[in-house]
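Bear in mind that the values in this text are calculations on the coordinates, not laboratory data. On a predicted model such as this, the values are computed, not experimentally measured, just so you know. A quick note on method: Cβ atoms are made from the backbone with ideal geometry, for glycine too, and the neighbour counts reach across all protein chains shown.
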Amino acid sequence: MRLVLLGLPGAGKGTQGDLIAQKYGIPHISSGSLIREAVASGTPVGREVDSYIRKGELIPDGLAIEMISERIGRADCSQGWILDGFPRTVLQAIALDQRLAQIDLDVQMAFDIRITQEEAIERIAKRRMCSKCGAVYHLEHYRSQNQNVCDNCGGELYRRSDDTEETARTRLVVYMKQTHPVLHYYSMDGRLYSINGQRPIAEVFADLDYYLQRLVDAQGVGEAR
Ligand code: AP5
Ligand code: MG
């Protein structure tokens, strides 16, 4: 299974990516998480990309493509992957298709998880993340049992550096300008599936899963590399 999750910041790509990974046993690869890990580890690449993230701008295409190319080449991706946050420009989408075509593979489904801009701002302002396992919470809808502590691993919850209202607004503008055209790219050959993301998490997942089941029925998970 080779899937791409698209949608505004806060649409629920990370939340749904985790659920798909749990059900189908394929890795959920978030480009944003990979970038935040690089920043945290203080590598030269991490230092280079930190300022882009803080401002809510995209990191250069070349760096993003290299990072994802390396990640999907690892052994745990032999049965497929879920990409969350990549591709984010048409150039990245073309690069991904070209890389996969070299090994006779393709992106099978791209999901557009749709929410309004107002909902995006509200969710981002109230999101908290686990500093250890990356689990995602919301101060109202999906709270941890103990404030500031992750239910899964006991890690401390934090607010992302780009989750301020000002940066969130920049991210929305960047999305509409640079990422929205990617929807058109995948719709042109029938790979785009539109999902209403403004409902409870389980309902959004049920919609996604309807299409994933069709993929499984057509190919079998094992074969749907
Ligand atoms: P990235 O980390 O990808 O951020 P994003 O796209 O802005 O998306 P978010 O992670 O903010 O939202 P999400 O859709 O994952 O929502 P979530 O599930 O957390 O990218 C960060 C930055 O990295 C970019 O700005 C850029 O600088 C850089 N970058 C990344 N990839 C790049 C690339 N390919 N090229 C260049 N630069 C790149 O949910 C949000 C909140 O809502 C949570 O609190 C959650 O609990 C809650 N929630 C989820 N679902 C629901 C629901 N159904 N109902 C109510 N609440 C919900
Ligand atoms: Mg995310």
* To do: Could you check what % of the DSSP bridge pairs in the chain are antiparallel, to the nearest 5?
  => 30
* What Kirkwood hydrodynamic radius do you get for the chain when you take the inverse of the mean 1/r over all pairs of distinct Cα atoms, in Å? -> 17.9
* Structure fact -> Calculated from DSSP helices alone, with each H run of at least 4 adding -39500 (n - 2.57) and the total divided by the residues of the chain, [θ]222 nm to the nearest 500 comes to -14500 deg cm²/dmol
* How large is ³J(HN,Hα) for each residue in the stretch 193-201, as worked out from phi by the Karplus curve 6.51 cos²θ - 1.76 cosθ + 1.60 (θ = phi - 60°), to whole Hz, x for Gly and Pro? -> 10, 9, 10, 6, x, 9, 9, x, 3
* Asked: Stretch Asp217-Asn152 to full length: gain in nm at 0.36 nm per residue minus the Cα-Cα span?
  -> 20.2 nm
* Rounded to the nearest 20 Debye, what is the dipole magnitude of the stretch 41-131 about its Cα centre when Lys and Arg each give +1 and Asp and Glu each give -1 at the C-beta? -> 440
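Which net charge results when you count Lys and Arg as +1 and Asp and Glu as -1 among the other residues whose beta-carbon is under 13 Å from that of Leu6?
Net charge around Leu6: +2.
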* Of the options Pro9, Gln117, Ser41, report the single residue whose Cα projects farthest towards the positive end of the charge dipole of the chain (beta-carbon charges: Lys, Arg +1; Asp, Glu -1). => Ser41
* Mean 1/r over all different Cα pairs, inverted: what Kirkwood radius does the stretch 115-223 give, in Å? -> 16.5
* Going by a ≥ b ≥ c, the root eigenvalues of the Cα gyration tensor, does the stretch 70-173 fall in the rounded group (a/c under 1.5), the prolate group (a/b larger than b/c) or the oblate group? -> oblate
* Asked: Convex hull over the Cα atoms of the stretch 1-83, averaged projected area in nm²?
  -> 5.6
